[in-house]
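One structure is given below, encoded as structure tokens.
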Amino acid sequence: MQALNILKLGAEAMLKDRMEKVKANGINVRFITGMGAPEEGIIDVAENEHVDLIVMGSRELKREKEYGAGKLKLLGSVARRVSEIAESPVMIIK
């Protein structure tokens, strides 16, 4: 349990400056952590909090697939599943 608290505090410290910048622009933002399948947790919080938009990063898989005239970069599995299942709009940032 202590290890989880250390990880949570570290994650919150890493995001603190970014959260302050967002808040300075009048956007409501909170830091929430959870355990379990990440896509289920993200979707549960979004539904319970009635969020307008889910913003998340993607680790973007390094391999690219050739399709027709160009290349398609693949999303990480969590970002892909959240974007497919969530009722709220999802913005994925690479």
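Within segment 25-37, the presence of at least one residue that is modelled with pLDDT of 85 or more and within 17 Å of residue 80 (Cβ to Cβ) is confirmed.
For first residues located in segment 43-60 and of a type in the set (Gly, Ala, Ser) and buried (at least 17 other Cβ atoms within 10 Å of the Cβ), partners that are modelled with pLDDT under 90 and in a loop (DSSP other than H, G, I, E, B) and lie 6+ apart or on another chain with Cβ distances below 8 Å form the pairs 58/75; 58/76; 58/94. When residue 13 is tested against (1) more than 25 Å from residue 1 (Cα to Cα); (2) at pLDDT 90 or above; (3) aliphatic (A, V, I, L, M), only condition (1) is not met. Can you name every residue in segment 1-41 that is surrounded by 12 or more Cβ atoms within 10 Å (Cβ to Cβ) and acidic (Asp, Glu)? Selection gives 12, 39, 40.
The values are calculated or read from the model by the stated rules, or taken from the named source; none is laboratory data. Keep in mind that this is a model prediction, so the values were computed, not measured. No Cβ is skipped: glycine too gets one built from the backbone with ideal geometry, and neighbour counts run over all protein chains shown.
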